[in-house]
Amino acid sequence: MITVLHGDNTVVSRQALNNIISSFKGEIITLDGKSLDVTDFAQVSRSGAMFEQKRLVIIENFFSFNKKSRLDFAQIDSDLIFYESKKLSPTSIPIIKDARIQEYKADPIIFKLVDNIRPGNGKNLILVYRQCLKTSEPEFIFAMIIRQLRLTKLFPPDKLKLLYEKLLDLDYKNKTGQLIGSFKSNLEMFIFNI
């Protein structure tokens, strides 16, 4: 079976991929789509029949980097997942017979939040942040804030550096279990102090 997972909501799409991986019984191969060529694809997707063990091949961000590559989907004997860490346009996904294509969409309210990130606007963003939490995980909101800070030119360089340091500290403490309080409440405090 061939599956394409893509969309703006990378937290949920990554969770879906991890669920597939954890429930799969057999060999799992993960490949970087940026450097994958047609020959490599043919070798990994067709050599599973030689073994008794089932094979799952995961190719990350192939369509994002290899738009002109032509893959031969005939005679594939491995389960195949294309995982894209962004939304793909319909024209960037080739027509694959019997493929299952799953898009993970972000709730539009998240864009209202990130589009209004600007110096001194934190108090106004708290209500929008709480609305985002009804449909999005705090980790996804966190990732979208980082993405927005990379794009915006509204912050002076010293303030932007300070915001990045706070986000890095928040992420580190969350991942190492040193965070006091929940990640959700700490992210709210960060937003409030923008």
*Hey, with R₀ at 30 Å, roughly what FRET efficiency would LEU151 and LEU127 work out to, going by the Cβ-Cβ distance, to 0.05?*
0.85
*Using a cut-off of 14 Å between alpha-carbon atoms, which aspartates and glutamates can reach LYS105, once sequence neighbours fewer than 8 places away in the same chain are excluded?*
ASP8, GLU84, GLU137
*Cα-projected label distance for LYS175 with ASP37, points at 7 Å along beta-carbon direction, nm*: 3.3 nm
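Can you give the percent of C-alpha pairs in the stretch 100-194 whose distance is more than 23 Å? Working shown, then result.
Numbers: 1026 of 4465 pairs.
Roughly 23 percent, once rounded to a whole number.
Taking only Cα atoms of the stretch 128-179, what ratio of Rg to Rh do you get with Rh as the Kirkwood inverse-distance radius? It would help to have the intermediate numbers written out before the result.
Numbers: Rg = 12.3 Å, Rh = 12.2 Å.
So for the stretch 128-179, dividing Rg by the Kirkwood Rh gives 1.01.
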*Using only the Cα atoms of the stretch 2-103, what do you get for the radius of gyration and for Dmax, in Å?*
13.0, 37
_Bins of 5 Å from zero: percent of alpha-carbon pairs in the chain_ = 1, 7, 14, 15, 15, 13, 10, 10, 8, 5, 2, 0, 0
*Would you check the stretch 2-103 for Lys pairs whose C-alpha atoms are within less than 23 Å, ignoring same-chain pairs closer than 8 in sequence, and give me the count?*
14
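Only helices at least 18 Å long along their own axis, judged from Cα atoms, and with Kyte-Doolittle mean hydropathy of -0.5 or greater: name those in the chain from DSSP H. The partial results should precede the final answer.
On the way: long enough: 10-23 (19 Å, 0.35); 138-151 (20 Å, 0.91); 157-176 (28 Å, -0.96).
What comes out of the filter, once short or polar helices are dropped, is 10-23, 138-151.
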*When the helix-only estimate is applied to the chain (DSSP H runs of n ≥ 4, each -39,500 (n - 2.57), divided by the residue count), what is the mean residue ellipticity at 222 nm, nearest 500 deg cm²/dmol?*
-14000 deg cm²/dmol
*When all C-alpha to C-alpha distances in the stretch 149-194 are sorted into bins of 5 Å, what percent of pairs does each bin hold, rounded to whole numbers?*
5, 20, 29, 23, 14, 8, 1
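A short reminder: the numbers here are calculations on the coordinates, not readings from a lab. Not measured: the values here are computed from a predicted model. Virtual Cβ from ideal backbone geometry, glycine too; neighbours counted across all protein chains shown.
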